[in-house]
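**Q** One structure is given below, represented as structure tokens, and several questions about it will come after.
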Amino acid sequence: MADERKERFFLDSLRRALGPPPQASRPMEDLFPRKPSAEDQRLLGAVSGRSEREREELLRRLRAAAAPLHLQIEAVVDLAAARATVLRLVAEKSPEWGGEKQLVAWSHKLIESLDLAEPLARQGIPLWMTAPIDPGLAPEAAAEERARQRARIAASFIGITTADFCLAETATVVLRSRPGEPRSVALLPSIHIALVRRGQILADLKELFALLRWDERYRGAGVSNCLSLISGPSKTADIEATMVHGAHGPREMFLLILPD
Amino acid sequence: MSAVRTERYVEESRRGIADPVLRRALSGLQERFGRGTAEAYRRLPEGPGLRQTAHAIREKAIANLDLLLERLAARIRANGGEVFFAATGEEAVSYCAGIARRRGVKLAVKGKSMVTEEIGLNSVLAAQGVEVVETDLGEYIIQLAGESPSHIIAPAIHKTRNEVADLFARKLGIPYTTDPPRLTQAARRALREKFLAADMGISGVNLACAETGHISTVSNEGNIRMATTLPPVHVAFMGLERIVARLDEYEIILRLLCRGASVQDIGTYVSLIGGPRRPGESDGPEEFHLVVVDNGRSRLLADPRFREMLCCIRCAACLNVCPVYGRIGGHAYGFAYSGPVGAVVTPLLTGVQRGRDLCRGETLCGACKDACSMDIDLPRMLLELRAILAAGDATWGVKPEGGLERNVWRIWAGLVSHPGLYERLLRAGAVLQGLLPRGVAGWIRRLPPPLSGWTQSRDFPPLAKAPFRSRWARRRREVGRG
Amino acid sequence: MTVKKSVTLFVPCLVDAFRPEAAEAVVTVFERLGIAVEYPPGQTCCGQPAFNAGYREEARRAARHFLRLFADCETIVAPSGSCVAMVRHHVPTLFEHEPRWRELARRTAARTFEFTEYLVDVLGAEDLGASFAARVTYHDSCHLLRGLRVQEQPRRLLRRVKGLEFVEMKNADCCCGFGGAFSVKYPDISSALVADKVAWIQQSGAEAVVGGDLGCLLNIEGALRRKELPLRVLHIAQVLAGGCPPAGGPGP
Ligand code: SF4
């Protein structure tokens, strides 16, 4: 095919530009190692052997990093406290684009265990739980279902997600895309609430990447098709360098941290 | 390729200098970011030496580009994405235009991407009836105003809030306000509609990783995440050099990118994207295309003098410290890339001869090298470009400089290697300068061409009555006598 | 002092022609320290102007002359940051393909020092017993600062001068816009740069601005003289020589 020829031509001209290939000395094991390095081992060890004191320290660093980013952190003692926090936010905040209050949340065990549906229903506030698209659906039906979910997410003023990890150093929430856990729940609503367990807090990007590269539990999916690192609400300083929160993504972001 | 106006450097720089609003904005930007970046490098846990580590990572990646790109492409394809290798800007643009035609795209939303500025994507898509909306707030402002970006990271730095207020009142039909939060809100509302309606999302690539097979985008606003999540097609453009081998290397470059670009530890949204949405996922694009663009980059790769430039990640840290950029602004550089990075890369991509004022119009102060997140020796490459312009260079299509300038330097070289002659000329000069008009303290008010540029705003020092060489001789005689 | 030290002075072309007092001041400082000064006759230029303009063959001719002249000198000291940066960093690369010259260039590079760098880093001398009664600010010349990483040395020396009140100006490390041929070829940009520099100097409240590179100093002084401002512009050696009477420098 024409594109394939083009590709060969492209890569050949690249190789010509690179000059005579020092093939023997290409550092393949360095470019794409098959075993974790000593540094990787150290990082993996740090994650798995973290003491309670060190976890406390991570939480402290997370709070310190979050404050200047306007990422609001609430360490809650249990599920009931988390529920109360969410309900408080629902009561306090109002929809940015007008209309009724609606919420959307990932269908995730942790979120389901908050039992939000019932108290919200009492106030007449709908809570939409997202769902994977059934692979058995015909393409048109699947497209319809997607459009329906999109409309609900866009109409919600609060979106609730969990996270795969959380990074203390940069106050970053790590979301890996999966069926039933749409990315736009953390993007289209004006307020994003993320729930994590204390044990999901890592020190930094280095630890995250070491896990993604070498830990069997995460390695298979690797980076997956989309990994989002979110560090606070959306912001811009494009008009006379004045900082404004809520450029395109959520204006406010809350991170609720539950005990393990 | 988008329009190249590098020949107008002198003219356009004059315009920038004469614009007090621009000057104020630029000095504010440089004050905030210029100093902040250096401080951010110092605060790195590894210390500022991490820039050298990053440089080595980038050099290794560049030296193995073929392997890295093959690996990246294989991974993305295995994940269901498409990869297209475009030798020229035209090929890249027409590939994207082809997708737009096939899918009947009416509206495309774009995240900030310098390479699409470089290849002139927007105008081609527009010509086939696609509405292309820039979604970075700064880019959106200048698109509404019908202008081009003047800074890689802060494209609308040259616009005041009053100008934005006028613009939004006219184009978005909102009540006139100069309040940045309200203006931002207006753009947020208008662009949200576009995101939700778009048929295609277009982004650049800050950095790709071969090992994992992903590209990545960084933004604070979330616009790129919108553009890469909501529309059914995502087309990402990357210069062929924007890649590293491993994820741990990616981490180092990412941290430096965020510090260099905006003195942040990390951008608000970093997306690592390896392909289209998976079965069962309800959002994310159903088609993902990566367009890898050469457009002259392999010529840099082939020239050992300029290969280093491919280490650049377009963080714009060099702009934020450059005294020349700080006075003339981005438009003077006449192409997508401005500041020190533009002064080197634009002539190499668009013609050294026509870009000669970009190569020569800097002071070589070296601030850019110290600020560069990838520790790139930009002054060295400016010197190489000047050498090419002076002596000519077939590979870059430059003829040797002729005429007056060359002769002046030849004569100079003769003089400085013949001290006797040199000394006589010095003495003659001390006498002849008597003919020139003087200001205070004997300083010269006006010099004849070709030196008249100096005295445009400055006096010129008079030659000392006796140069040091004769004073020394006198001194020795006296000491000898005494 | 048991070992009698000596240095060989390289007086760059601009100092020689426009500000010989600066070189004389260097001699005075060294003599006061008991260091013998040699000055090989026939000095001209290190090649920097041509090199910066891209004329490498011409720069090589100048550099060869320089290298020949200083071939046997043990320690070379020059009152100019950019010339020393040229000798240290660029001259060796100019002879990349001429092994014999390259060797000589490397050897020479290792023995060449900028004046304040030599005083502080090599001699460990900071208090030179100088006195200079004025409020003084210091301009960091680019090649001295970023080429040689000389930033603290001149400040330390100035702070030890009796009667001298040292004040920092804003953006002391920002280029003054000289840039050699740049200042003549791109006068608009160069003028904009020096205008800001002059403003920062004025804001500092200093009566004199001091630096270690004559190109910058002439540029700054040229702008001051045109505006008929009474500030004095001095090479740091002139201050450190201390004998310089308050009214002795150039200026109105
Ligand atoms: S040259 Fe360096 S500082 Fe400038 S944009 Fe490129 S990486 Fe950033």
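Read-outs throughout are calculated quantities, based only on the coordinates presented, and are distinct from any laboratory measurement. This structure is a prediction, so every number in the text was calculated from the model and none was measured. Virtual Cβ from ideal backbone geometry, glycine too; neighbours counted across all protein chains shown.
**Q** Based solely on C-alpha atoms, express the radius of gyration and the Dmax of segment A:132-188 in angstrom.
**A** Spelled out, the Cα radius of gyration and Dmax of segment A:132-188 are 13.9, 45 Å.
**Q** Assign unit charges at the C-beta atoms only (+1 for Lys and Arg, -1 for Asp and Glu), then state the dipole size of segment C:6-120 relative to its Cα centre in Debye, rounded to the nearest 20.
**A** Its charge dipole is roughly 380 debye.
**Q** In which sequence would B:Cys312, C:Cys216 go, from the one with the fewest C-beta neighbours within 10 Å to the one with the most?
**A** B:Cys312, C:Cys216
**Q** Can you tell me the convex hull volume per residue for segment A:169-236, based on C-alpha atoms, in Å³ to the nearest whole number?
**A** Each residue corresponds to 115 Å³ of Cα convex hull volume.
**Q** Antiparallel as a % of all DSSP beta bridges within the protein assembly as shown, to the nearest 5?
**A** 30 percent
**Q** Based on other C-beta atoms within 10 Å, arrange B:Met238, A:Met28, A:Met253, A:Met129 from fewest to most.
**A** Result, fewest neighbours first: A:Met28, A:Met129, B:Met238, A:Met253.
**Q** Would you mind computing, in nm to one decimal, how far apart the modelled labels at B:Leu44 and A:Ala64 are, each placed 7 Å from Cα along Cα→Cβ?
**A** Each label point lies 7 Å from its Cα, and together they span 2.1 nm.
**Q** Any number yet on Rg/Rh for segment B:11-58, C-alpha, Kirkwood?
**A** 1.24
**Q** I would also like to ask the following. Counting other Cβ atoms within 10 Å, keep those with at most 11, restrict to DSSP loop, and tell me which GluC sites (Glu not before Pro) in segment C:5-100 are left.
**A** C:Glu74, C:Glu96
**Q** Provide a whole-number value for the mean count of partner chain Cβ atoms within 10 Å of the Cβ atoms in peptide C:13-21.
**A** Taking the mean over all residues of the peptide, I get 6.
**Q** So how far, in whole Å, is the C-alpha centre of segment A:228-260 from the one of segment C:1-74?
**A** 59 Å
**Q** Something else: Remind me, what semi-axes does the protein assembly as shown give for its equivalent ellipsoid, largest first in whole Å, using sqrt of 5 times each Cα gyration tensor eigenvalue?
**A** 58, 29, 27
**Q** A further question on this structure: Most exposed first by the Cβ proxy, i.e. fewest other Cβ within 10 Å, how do A:Ile160, B:Ile224 rank?
**A** Sorted ascending by nearby Cβ count, the order is A:Ile160, B:Ile224.
**Q** Also, quick follow-up: First obtain the Kirkwood hydrodynamic radius of segment A:1-126 from its Cα pairs, then insert it into the Stokes-Einstein equation at 4 °C and 1.567 mPa s, and state the resulting D in µm² per second as a whole number.
**A** D = 61 µm²/s.
**Q** Over all residues in B:221-233, what is the mean tally of Cβ atoms on other chains that come within 10 Å of each residue's Cβ?
**A** Partner Cβ neighbours, averaged per residue: 5.
**Q** Let me ask you something else. Given +1 on the Cβ of Lys and Arg, -1 on the Cβ of Asp and Glu, and no further charges, what dipole in debye does segment A:1-156 carry about its Cα centre, rounded to the nearest 20?
**A** 440 debye
**Q** Treat each spin label as a single point 7 Å out from the Cα along the C-beta direction, and report the C:Arg102 to B:Ser123 distance in nm.
**A** Result: 4.6 nm between the two label points.
**Q** Mean shadow of segment C:129-240, computed from the convex hull of its alpha carbons, in nm²?
**A** If you wrap the Cα atoms of segment C:129-240 in a convex hull and average its projections, you get 6.4 nm².
**Q** Any idea how far apart B:Arg474 and A:Lys93 come out in nm if each label point goes 7 Å out from Cα toward Cβ?
**A** Label at B:Arg474, label at A:Lys93, 8.2 nm between them.
**Q** Against the empirical 2.2 N^0.38 Å scaling, what ratio does the C-alpha Rg of segment B:405-481 come to?
**A** Ratio of Cα Rg to 2.2 N^0.38 Å: 1.34.
**Q** With a ≥ b ≥ c the root eigenvalues of the C-alpha gyration tensor of chain C, is it rounded (a/c under 1.5), prolate (a/b larger than b/c) or oblate?
**A** Oblate is the answer for chain C, as a/c is 1.5 or above yet b/c matches or exceeds a/b.
**Q** Just to compare against my own numbers: the Cα pair-distance distribution for chain A, 10 Å bins, whole % per bin, please.
**A** Here the calculated profile for chain A is 6, 24, 28, 21, 14, 6, 1, 0.
**Q** If eta is 1.002 mPa s and T is 20 °C, what Stokes-Einstein diffusion coefficient results for segment A:198-260, Kirkwood Rh from Cα pairs, in µm²/s?
**A** Roughly 148 µm²/s, to the nearest whole number.
**Q** Given N residues in segment A:7-64, what is Rg(Cα) / (2.2 N^0.38 Å)?
**A** This ratio for segment A:7-64 stands at 2.07.
**Q** Based on the Cβ-Cβ distance of A:Arg26 and A:Ser48, what FRET efficiency does E = 1/(1 + (r/R0)^6) give at R0 = 45 Å, to the nearest 0.05?
**A** Approximately 0.85, to the nearest 0.05.
**Q** Ok, one more. Local charge sum around A:Ala81 (other residues, Cβ-Cβ under 11 Å, Lys/Arg +1, Asp/Glu -1)?
**A** 0
**Q** What are the extents of the Cα atoms of segment B:44-295 along their three principal axes, in Å, largest first?
**A** Reported extents, whole Å, longest axis first: 53, 47, 37.
**Q** Using +1 at the C-beta of Lys and Arg and -1 at the C-beta of Asp and Glu, which of A:Phe165, B:Ile57, A:Ala84 has the Cα lying farthest in the positive direction of the dipole of the protein assembly as shown?
**A** B:Ile57
**Q** Quick one: Debye curve from the alpha-carbon atoms of segment B:28-131 only, equal weights, vacuum; give me log10 I(q)/I(0) at q = 0.15, 0.16, 0.22 Å⁻¹ to two decimals.
**A** -0.92, -0.96, -1.13
**Q** So what are the radius of gyration and Dmax for the Cα set of segment B:337-431, in Å?
**A** Cα-based Rg and Dmax for segment B:337-431 come out at 17.0, 51 Å.
**Q** Can you tell me the FRET efficiency between B:Leu107 and A:Glu216 if r is taken as the Cβ-Cβ distance and R0 is 41 Å, rounded to the nearest 0.05?
**A** Efficiency for this residue pair is about 0.40.
**Q** Another question, then. Express in whole angstrom the spacing between the alpha-carbon centres of segment A:9-59 and segment B:1-25.
**A** 43 Å
**Q** From Cα coordinates alone, what are the radius of gyration and Dmax values for segment B:283-366 in angstrom?
**A** Calculated on Cα positions, Rg and Dmax stand at 15.1, 51 Å.
**Q** Suppose we keep just the DSSP beta bridges with both residues in chain A; what percent of those would be antiparallel, to 5?
**A** 30 percent
**Q** From the C-alpha coordinates alone, can you work out the Kirkwood hydrodynamic radius of chain B, in Å?
**A** 24.8 Å
**Q** Would you mind working out the magnitude of the charge dipole of segment A:102-148 relative to its Cα centre, with +1 at each Lys and Arg C-beta and -1 at each Asp and Glu C-beta, to the nearest 20 Debye?
**A** Roughly 160 debye for segment A:102-148.
**Q** Calculate the tail of P(r) for segment C:154-207: the fraction of all Cα-Cα distances greater than 19 Å, expressed in %.
**A** Tail of the P(r) past 19 Å holds 42 percent of the pairs.
**Q** Give the average over all directions of the projected area of the C-alpha convex hull of segment B:238-315, one decimal, in nm².
**A** 7.0 nm²
**Q** Another question, then. Would you kindly calculate the mean projected area, averaged across all directions, of the convex hull enclosing the Cα atoms of segment C:1-81, in square nanometres?
**A** 5.7 nm²
**Q** Here is a follow-up. Which pairs break 22 Å Cα to Cα here: A:Lys101/A:Lys235; A:Lys35/A:Lys206; A:Lys235/B:Lys112; B:Lys465/C:Lys185; B:Lys369/B:Lys399; A:Lys93/B:Lys194?
**A** Too far apart for the 22 Å limit: A:Lys101/A:Lys235; B:Lys465/C:Lys185; B:Lys369/B:Lys399; A:Lys93/B:Lys194.
**Q** Would you be so kind as to identify which of C:Gln202, C:Asn219, C:Val161 lies farthest towards the positive end of the dipole of segment C:129-240, taking Lys and Arg as +1 and Asp and Glu as -1 on Cβ and the Cα centre as origin?
**A** Looking along the dipole axis, the top candidate is C:Val161.
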